[in-house]
Structures are given as C-alpha cells and as structure tokens.
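The structure appears below as structure tokens.
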Amino acid sequence: MFILIAPVLALVALAVMVRWIEPRVAFFPFRGESVTPRDFGVAFDALTVETEDGERLRAWAMRASDPRAFVVYFHGNGGNLSNWAPILTGIVRQGYSVFAFDYRGFGLSTGRPTEHGLYRDVDAVLARAWPDRDSRIPLVYWGRSLGGAMAGYAATVRAPDGVIVESAFPDARSVVRGSPLALVWFLSTYRFPTADFLNRAGVPVLQLHGDRDSVIPFALGRELHERLTVQKQFFVIRGGDHNDAAPPDPAAYWAAIDAFVKSLGPAGRR
C-alpha cells in the first residue's frame, strides 16, 4: 500500500511546491512610487482603479496635446510605474496619450500578483481607460514582455484598433522550454497565451523585438510572429536588448510605430 501511495503523495507535494513557486518566478514587483511623469516634465493625472475583487490599482493618465492615438500600456513583470516612467513619458513625447497602471502588488497597487489576478486588473482598467476619447483617433494596446499577454487578453475583452507587442513571447510554456522548470510544467497553472489571445482578438498587430534580447530570446519573438494568424508586422530593433529605456535607433523605431498607427484608419478598424 505504501508503495502505491508514496508516488501520489510525492506528486501532491510537488504540485503544492510548484503553485507556491509560480508567482515568485513570474513576478518581480517593486513597491512604492518614487518617480512620476512630472519628473520628466510630463503632466499626468494620478488615478485609482478598483477591481471587482476589491483591489485598488495605481494608474497614470498622460495626455498629448494633439494625440496620434490613445494608448493603454501594459508593462512587464518587474518594477513599478516609477521604473517604467522613462519609457511611458517617451511615448507621450512622441504624440501619444498614455494610460498606464501597476498590476496588483506592484507600486502603490494593493494585493498580490497572480495570472488570473492580472486578468481581473485588466478588466477593471479597460472600464476606466480613455472613456471620453475621440473615436476618430485610434485606440492602441501596447504591451511589453509579460505585458504582451495582458495586451492580447485586453483585446479580447474590449477590441482596440490595433495592438503593439514588444519583447513578447508566444506563451509561458515557450519561455521555460529548455530550462529545469520544463520538467514540472505539467503541474503549473500559469499559461499567459499571448498568441492565442491575439488571434482570438483578430485586430492588427505590430511586433517589436530586439535582436539582442537577453531575457526573451529573439527566436521566441519570431515564434510568436509565426503563430499569429491576424494582420501582422514584425520590426527588428537592431541592437536592442530587453530592458532598454530607449531603442538604439529611435528614428527607425518610431517610424515603424507611427506608420502602424497611421494605418489604423477606417479601413484598419473593426
């Protein structure tokens, strides 16, 4: 009897350990808020977004004077809004209005991050982001790294005119492939299916990926692109790594983004 029960108990213990490890491997939040857009000369409104399960999320709304698009930005799995402020304000300076927020457990947001918890955060944010926007101006979801999965999920909830994913991956399984974590993947609950979300949403996608990305390899970016069945474009950030605050070639980078957004006119919208 012991010989029969022992493997089952070991599997249960392993499953419990994997569930405990999952959020600690997936998320690296920093608490607090030390820097704001104002430190970069960009005006902003500080907002609180309440989720259905009672969490309170910190959000920033930054408005461009004559916006090319209204952007909802989904940052990566580390840091907080203060760490992402240089990137967010850089987008505003290019003429885009940006709504960005910290997931639960990040920055000044309450709670602890989990995959399904982040989806609830996205649901709440979409109800608050740019409710009064001019419908003649495109709505774009922009996700970086893990935020690519969040942007894809968001697009299935409230369709934008287009999605930008930067340094993103096809799904969580592809990220752990070839690592020791792959041995216990069958016990994991985390999926982050970026490709599936984007295909389900069916809106145009611009993919940006650095060819020197040391966190999400360039090959994974290509794999994501190959798995997309929607209207899509792929832009290589030459010399770009994963956590660059600015691209090595800003002119080429912004030309690709501006051209994509410009294409989201009446013919490119759902």
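Of note:
- Qualifying residue in segment 198-209 (condition: more than 17 Å from the chain's Cα centre (by Cα), assigned to a helix (DSSP H, G or I) and not hydroxyl-bearing (Ser, Thr, Tyr)): no
- Selection over segment 75-102 of residues that are under 20 Å from residue 249 (Cβ atoms) and of a type in the set (S, T, N, Q) gives a count of 2.
- When residues of segment 138-149 are limited to those that are farther than 15 Å from residue 127 by Cβ and either of a type in the set (Phe, Trp, Tyr) or assigned to a helix (DSSP H, G or I) (or both), the one nearest to the chain's Cα centre (by Cα): 147
- Across segment 54-70, the number of residues qualifying as out of contact with any Leu (no Cβ under 8 Å at 6 or more places or on another chain) and either of a type in the set (Lys, Arg) or on the phi < 0 side of the Ramachandran plot (or both) comes to 9.
- Selection within segment 72-97 - over 23 Å from residue 113 (Cα atoms) and either in contact (Cβ under 8 Å) with a residue 60 or more places away in the chain or of a type outside the set (Lys, Arg) (or both): 86, 89, 90, 91, 92, 94, 95, 96, 97
- Residue 155 falls short of the stated requirement of being in contact with a Gly (Cβ under 6 Å, 6 or more places away or on another chain) and either of a type in the set (Ser, Thr, Tyr) or part of a helix (DSSP H, G or I) (or both).
- Unique match (being among the basic types (Lys, Arg), at pLDDT 95 or above, surrounded by fewer than 24 Cβ atoms within 10 Å (Cβ to Cβ) and on the phi < 0 side of the Ramachandran plot) among 112, 177: 112
- Taking every residue in segment 246-262 that is touching a residue at least 60 places away in the same chain (Cβ under 8 Å) and farther than 22 Å from residue 85 by Cα and pairing it with any residue that is β-branched (Val, Ile, Thr) and surrounded by fewer than 15 Cβ atoms within 10 Å (Cβ to Cβ), at least 6 positions away or on another chain, yields no pair with a Cβ-Cβ distance below 8 Å.
- Taking strands (runs of 3 or more DSSP E) as the structural unit, no element lying wholly within segment 22-107 holds at least 3 residues that are polar (S, T, N, Q) and either loosely packed, with under 15 Cβ neighbours inside 10 Å or modelled with pLDDT of 95 or more (or both).
- The set of residues in segment 148-169 that are within 15 Å of residue 191 (Cα to Cα) and either in contact with a Cys (Cβ under 9 Å, 6 or more places away or on another chain) or touching a residue at least 60 places away in the same chain (Cβ under 8 Å) (or both) comprises 148, 150, 151.
- Residue tally, condition at pLDDT below 90 and farther than 24 Å from residue 241 by Cα, over segment 149-174: 0
- Filter pass, residue 189 being surrounded by fewer than 24 Cβ atoms within 10 Å (Cβ to Cβ), hydroxyl-bearing (Ser, Thr, Tyr) and at pLDDT 95 or above: no
The values are calculated or read from the model by the stated rules, or taken from the named source; none is laboratory data. If you're wondering where the values come from, they're calculated on a predicted model, not measured in any experiment. Cβ: placed from backbone, ideal geometry, glycine included. Neighbour counts: every protein chain shown.
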